[in-house]
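What follows is one structure encoded as structure tokens, with my remarks underneath.
The values are calculated or read from the model by the stated rules, or taken from the named source; none is laboratory data. These numbers come from a predicted model, not from an experiment. Here Cβ is always computed from backbone atoms with ideal geometry, including for glycine, and neighbour counts include all displayed protein chains. Just so you know, the surface numbers come from the protein's heavy atoms only, side chains and all, with ligands and any DNA or RNA stripped out. Shrake-Rupley method; radii C 1.70, N 1.55, O 1.52, S 1.80 Å.
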Amino acid sequence: MKITEVRLRHLNMDLVAPFTTSFGTFVDKEFILVEVKNGEGLSGWAESVAFSAPWYNEETIKTNWNMLEDFLIPVVLDKEIEHPRDVSDMFSHIRKNNMAKSAIEGAIWDLYAKEKNIPLSMALGGELEKIDVGISIGIQKTVPELLAKIEAGLKDGYKRIKMKIQPGWDVDVIREVRNLYPDIPIMADANSAYRLKDIELLKQLDQFDLMMIEQPLSSDDIVDHATLQAEIKTPICLDESIHSVEDARKALELGSCKIINIKIGRVGGLTEAMKIHELCKERNVPVWCGGMLESGVGRAHNIALTTLDNFTMPGDTAASANYWHKDIIQPEVTVNDGVITVPKAAGIGYEVDYTAVDEFTSYSKRYTNK
Ligand SMILES: O=C(O)CCC(=O)c1ccccc1C(=O)O
Ligand SMILES: [Mg+2]
């Protein structure tokens, strides 16, 4: 296959409600949408999950645009690409910048699947036709507001409730949730808000029968997480700390976690995400697909990846309407009783709505060699 043109667009979409994590609050979402064209009328799509500021990792919209424009697009434009799984190797001389790499790699996977006229899930070797999803609920101003969100999530049928925690919004809050809902599957995500010195507090979480605690310690740590995991019963799930299959191997060998949250952008693309899935499968370690408040395009990639068989735990890919007044795909992603039916159309399986894309685009640029 050959990419004859790349188009980058900068979009900004308002969230239906603010989303607060231990590192900050989102009221809207700025992101880069990548379109790759093959010169024969087909387009492949993906989005960069980098945020506007380096809160979650070191990447930003601007660093991603720069990496794409100056380094990544020139590597793939007008080159003969035998298979999208080769793209991550083509980028291997460029260090890190995983979200930027993933954005263009994902668009090439979509284009490949469209050229073959098969769903992206099938191109990845995924077989599940329905996937289970949960919902991630941000830090709220008051406990009653949190309880109302949980109630709504349960009513919508989500398969598990994830609540964000941070110092001052943890043990006492989870206790209230547990008292009201003794049996529901719940988990907590700290986004690196604690340190090993907080171990006594973290040990108290064991009493709540959480499915897991996600990324309690530093975003670059796998050593202290191993110490913590040896001291608590609740499984640790790593998110921020895992950037590659090598990181995953090391974390599992150290005992730093028992579950891995796979985010395509964080690990540099679908090919690396599949390698982590495979490693975890060999070692009987469950994985699930994380989310980055994606538009429908990123959501579609997450759905396709989740059809691989070791995604045995519900992911964070909630319905479009959980995030957006209007999404940029048709149809939007819908969830029934906590289940998404995987689309069967070619590529990402949803049509990109150009009118909606235009509405949210603030600037764009075309790249060709002509
Ligand atoms: O619903 C989603 O897309 C995931 C929400 C979420 O938990 C999250 C949102 C923004 C940044 C980081 C995270 C995370 O998983 O840590
Ligand atoms: Mg997380």
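Numerical summary
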read-out	value
Residue among Ile32, Ile81 that alone is over 18 Å from the mean Cα position of the chain (by Cα), β-branched (Val, Ile, Thr) and open to solvent by less than 10 Å² (accessible area, probe 1.4 Å)	Ile81
Any hit, the range 274-282, residues being open to solvent by less than 10 Å² (accessible area, probe 1.4 Å), within 16 Å of ligand 2 (Cβ to nearest atom) and either in a helix (DSSP H, G or I) or more than 30 Å from Asp89 (Cβ to Cβ) (or both)	yes
Subset of the range 228-261 [open to solvent by 30 Å² or more (accessible area, probe 1.4 Å) and in contact with a Pro (Cβ under 6 Å, 6 or more places away or on another chain)]	Lys258
Number of positions in the range 198-225 that are of a type in the set (Gly, Ala, Ser) and more than 29 Å from Glu176 (Cα to Cα)	0
Matching option when the condition is away from ligand 2 (no atom under 16 Å from the Cβ) and at pLDDT 95 or above, among Ile184, Ile165	Ile184
Check on Ala230, among the small types (Gly, Ala, Ser) and under 25 Å from the mean Cα position of the chain (by Cα)	no
The range 41-59, residues that are aromatic (Phe, Trp, Tyr), within 16 Å of ligand 1 (Cβ to nearest atom) and buried (at least 19 other Cβ atoms within 10 Å of the Cβ)	Phe51, Tyr56
Residue ID - farthest from Lys365 (Cα to Cα), chosen from residues in the range 44-62 that are touching a helix residue (DSSP H, G or I) at 6+ places or on another chain (Cβ under 7 Å) and of a type outside the set (A, V, I, L, M)	Glu59
Qualifying residue in the range 292-311 (condition: more than 16 Å from ligand 1 (Cβ to nearest atom), in a helix (DSSP H, G or I) and farther than 20 Å from Ile161 by Cα)	no
Subset of the range 92-115 [buried (at least 24 other Cβ atoms within 10 Å of the Cβ) and of a type in the set (Asp, Glu)]	Glu105, Asp110
Neighbours by Cβ (under 6 Å, 6+ apart or cross-chain): first from the range 274-300, under 21 Å from Asp14 (Cα atoms); second within 16 Å of ligand 1 (Cβ to nearest atom) and part of a helix (DSSP H, G or I)	Gly296/Ser320
Meets criteria (farther than 13 Å from Ala103 by Cβ and open to solvent by 30 Å² or more (accessible area, probe 1.4 Å)) for Lys62	yes
Residue satisfying all of: in the range 174-221; among the polar types (S, T, N, Q) and more than 20 Å from Pro286 (Cβ to Cβ); surrounded by the fewest Cβ atoms within 10 Å (Cβ to Cβ) among these	Asn179
Looking only at the range 312-322, and only at residues there that are away from ligand 2 (no atom under 16 Å from the Cβ) and in a loop (DSSP other than H, G, I, E, B), the one that is least open to solvent (accessible area, probe 1.4 Å)	Ala319
From the options Leu147, Leu196, Leu124, residue that is under 20 Å from the mean Cα position of the chain (by Cα) and modelled with pLDDT of 95 or more	Leu124
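Per-residue answers, yes or no, for (1) in contact (Cβ under 8 Å) with a residue 12 or more places away in the chain; (2) in contact with a Gly (Cβ under 7 Å, 6 or more places away or on another chain):
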{"residue": "Pro144", "(1), (2)": "no, no"}
{"residue": "Ala148", "(1), (2)": "no, no"}
{"residue": "Asp156", "(1), (2)": "yes, no"}
{"residue": "Asn179", "(1), (2)": "no, no"}
{"residue": "Ala193", "(1), (2)": "yes, no"}
{"residue": "Lys197", "(1), (2)": "no, no"}
{"residue": "Leu217", "(1), (2)": "yes, no"}
{"residue": "Gln229", "(1), (2)": "yes, yes"}
{"residue": "Ile242", "(1), (2)": "yes, no"}
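Yes/no matrix, rows are residues, columns are (1) within 22 Å of Ala356 (Cβ to Cβ); (2) within 16 Å of ligand 1 (Cβ to nearest atom); (3) open to solvent by less than 30 Å² (accessible area, probe 1.4 Å):
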site	(1), (2), (3)
Thr4	no, no, no
Ala17	yes, yes, no
Val27	yes, yes, no
Gly39	no, no, no
Met67	no, no, yes
Ile73	no, no, yes
Val76	no, no, yes
Asp86	no, no, no
